Amino acid sequence: MITYIYPFRNREVERVKKSLDSLVEQNDKELEVVFVDYGSTPETASEVKNLLHNYPFVKYIYSYSAGKPWNRSKALNIGIIEAQTDYVLSADIDMIFHATYNGVLKSLRAPNKVTFFKVGYLSKNETYQNKELVPESYSNKRAKGISLYPKKALVEINGFDEFFNCWGSEDEDVISRLIFNGLEMCFYNENTLVYHQYHKPFKELKHKLLSKDLSYNQVRFHNDKKRKLNENQNTIKVNLNKNWGEIIDEDHYNALVNTPVSRTITSFKTDVDFFLFYELKTLNKGIWSFKFVEFVPNKNINLKSVLYRLWTIRNSDLKTKEEYSLKEVNDLLLKFSLYNDLDFHLKVDSASLELRINIV
């Protein structure tokens, strides 16, 4: 038997249905699914759980990961640990599988081999109706998102690198590290057995905007730098000194989000920088909560400070920004918290950011 691992957060439930329906139609039905919900909203989580009741071969797992960016590596690692089979497939709710796919998967199992598959991309007008699908384009050898792995080999390298956030690089990286550890890489392109449901193309622009979805500018380039670093250093094991594949439970999540704000910090560069690069290191153990707001003279500082600020602007280089935008603060908080493996929750709205950190 093979375990299909589906990582998920806040996507259209109809996509999930189409993908799982294609598994119901498999000629060889010896499979199981571990469906990892990495912090969907309560409304979406409830909707998808109701749907999954119709598929007895699916195990649903919820990690209370809201307040953190999407992390496919962490979701997949949860699935790897939960899987009870010797082989796992990194799946995706966008995928529709040909009826012969599971049988082919079983024939490709090997303890020293990882196999990834050609994917056919469907047009916007193509629909799934238990018929032969006609892709409008195909993936190349760089797209390794749908791959068959020996579970033991993944466990030996501590799974997917949990550094990678938002989107990109985790599949290439894990296969590269498996090769360093002695596995063979194979690309299956004899037939098209996997089809990708249409969605709007990924746009880097969304990472440049402040969003409740939590991201930071140029995250894909940060991910690619980490992938190249792992490759240049012939890295095999990652996620060192941490419990990789860890599920965040409800009690821990509630303890974070229910901690009241203790202090408000304005977006002055000196205030934000001092907080991140010094003050955080001085905090005692426990959960702390801070609110970040943009500078508003009549609310945040007294008249003397306003006059001083006006004098400073008039007499300084006007090209120099003395304040961060909320988007810039968002990016700094995320990068600092993620790169230092902090236990945190970030809440974003148009007027403020709330950062909660568990100091251990």
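Relative to the Cα centre, what is the charge dipole magnitude of the range 49-166, using +1 at the beta carbon of each Lys and Arg, -1 at the beta carbon of each Asp and Glu, and rounding to the nearest 20 debye? Let's see the in-between values first.
Details: 16 positive and 10 negative charges, 31 e Å.
In total the dipole reaches around 140 debye.
Checking the table 200/327; 212/242; 113/141; 206/335 against a 20 Å threshold on Cα-Cα, which pairs fail? Display every interim value, and only then the final one.
Values: 200/327 24 Å; 212/242 27 Å; 113/141 16 Å; 206/335 17 Å.
Checking Cα-Cα distances, 200/327; 212/242 exceed 20 Å.
Compute the signed sum of charges (Lys and Arg +1, Asp and Glu -1) over the other residues within less than 11 Å, Cβ to Cβ, of residue 105. Present the calculation step by step, with values, prior to reporting the outcome.
Details: positive: 106, 109; negative: 28, 30.
Residues near residue 105 contribute 0 overall.
Binning at 10 Å from 0, report for the range 150-292 what percent of all alpha-carbon pair distances ends up in each bin.
Here the calculated profile for the range 150-292 is 8, 23, 32, 25, 9, 3, 0.
Starting from the alpha-carbon convex hull of the range 14-166, give the projected area averaged over all orientations, in nm². Walk me through the numbers before you get to the answer.
Details: hull surface 39.1 nm².
Mean shadow area of the hull around the Cα atoms is 9.8 nm².
With the alpha-carbon atoms as the only input, what is the per residue convex hull volume for the chain in Å³?
Working: hull volume 59.0 nm³, N = 360.
Each residue corresponds to 164 Å³ of Cα convex hull volume.
Keeping every protein chain present and rolling a 1.4 Å probe, give me the accessible area per residue for the chain in Å². Spell out each step's value before the answer.
Working: 18430 Å² over 360 residues.
Per residue, the chain has 51 Å² of solvent-accessible surface.
From the Cα gyration tensor of the range 224-288, with a ≥ b ≥ c the square roots of its eigenvalues, which class applies: rounded if a/c is under 1.5, or else prolate if a/b is larger than b/c, or else oblate?
On the way: a/c = 2.85, a/b = 1.41, b/c = 2.01.
It is oblate, given that a/c is not under 1.5 and a/b is not larger than b/c.
Please list, in order along the range 22-32, the HN-Hα scalar couplings obtained from phi with the Karplus expression 6.51 cos²θ - 1.76 cosθ + 1.60 (θ = phi - 60°), rounded to whole Hz, x for Gly and Pro.
Taking θ as phi minus 60°, the curve returns 5, 6, 4, 7, 4, 5, 9, 9, 7, 7, 9 Hz for the range 22-32.
Arranged from highest to lowest average of other beta-carbon atoms within 10 Å per residue, in what order do the peptides 84-97, 62-75 appear? Don't jump to the answer; show the numbers that get you there.
Details: 84-97: 21.1, 62-75: 22.6.
Final packing ranking: 62-75, 84-97.
Sorted by average packing, counted as other Cβ atoms within 10 angstrom per residue and highest first, what order do 229-242, 154-167, 186-199, 337-350 take?
Working: 229-242: 13.3, 154-167: 21.6, 186-199: 17.2, 337-350: 15.7.
Output ranking for 229-242, 154-167, 186-199, 337-350: 154-167, 186-199, 337-350, 229-242.
What ranking, highest mean first, results for peptides 218-226, 171-179, 324-332 when packing means the other Cβ atoms within 10 Å averaged over each residue? It would help to have the intermediate numbers written out before the result.
On the way: 218-226: 17.2, 171-179: 21.6, 324-332: 19.3.
Peptide ranking by packing, descending: 171-179, 324-332, 218-226.
Take every DSSP beta bridge whose two residues both sit in the chain, then give the antiparallel share in percent to the nearest 5.
Values: 26 of 55 bridges.
The antiparallel proportion sits near 45 percent.
Counting helices only, and only those DSSP H runs with n ≥ 4, report the 222 nm mean residue ellipticity of the chain as the sum of -39,500 (n - 2.57) divided by its residues, in deg cm²/dmol to the nearest 500.
Details: 12 runs with 118 residues, N = 360.
Dividing the helical sum by the residues of the chain leaves -9500 deg cm²/dmol.
Taking each pair of different alpha-carbon atoms in the range 106-205 once, compute 1/r for the pair, average those values, and report the inverse of that mean as the Kirkwood hydrodynamic radius in Å to one decimal.
Details: mean 1/r = 0.0658 Å⁻¹.
Hydrodynamic radius (Kirkwood, Cα pairs) of the range 106-205 is 15.2 Å.
If you find the alpha carbon centre of the range 65-128 and of the range 213-245, how far apart are they in angstrom?
Cα centroid of the range 65-128 versus Cα centroid of the range 213-245: 20 Å apart.
Extent of the range 1-40 along each principal axis, from alpha carbon coordinates, in Å, largest to smallest?
Principal extents (largest minus smallest coordinate, Cα): 31, 19, 6 Å.
Dipole of the range 1-82, Cα-centred, from +1 at each Lys and Arg C-beta and -1 at each Asp and Glu C-beta, to the nearest 20 debye? Provide the component values of the computation, followed by the final result.
Values: 11 positive and 11 negative charges, 73 e Å.
Magnitude of the dipole: close to 360 debye.
About the Cα centre of the chain, how large is the charge dipole given +1 on each Lys and Arg Cβ and -1 on each Asp and Glu Cβ? Please answer in debye to the nearest 20. The partial results should precede the final answer.
Numbers: 50 positive and 47 negative charges, 204 e Å.
It comes to approximately 980 debye.
Given contacts defined as C-alpha pairs under 8 Å and at least six residues apart, what's the relative contact order of the range 46-153, whole-number percent?
Values: 84 pairs, mean separation 34.4, N = 108.
This gives 32 percent for the range 46-153.
Place +1 on the Cβ of every Lys and Arg and -1 on the Cβ of every Asp and Glu in the chain, take the dipole about the Cα centre, and give the residue among 287, 238, 71 whose Cα lies farthest towards its positive end.
Toward the positive end, the furthest listed residue is 287.
The values are calculated or read from the model by the stated rules, or taken from the named source; none is laboratory data. Just so it is clear, the structure is predicted and the values come from calculations on it, not from any experiment. Reconstructed Cβ throughout: ideal geometry from the backbone, glycine too, with neighbour counts over all protein chains shown. The area values use the complete protein model at the heavy-atom level, side chains included, leaving out ligands, DNA and RNA. Shrake-Rupley method; radii C 1.70, N 1.55, O 1.52, S 1.80 Å.
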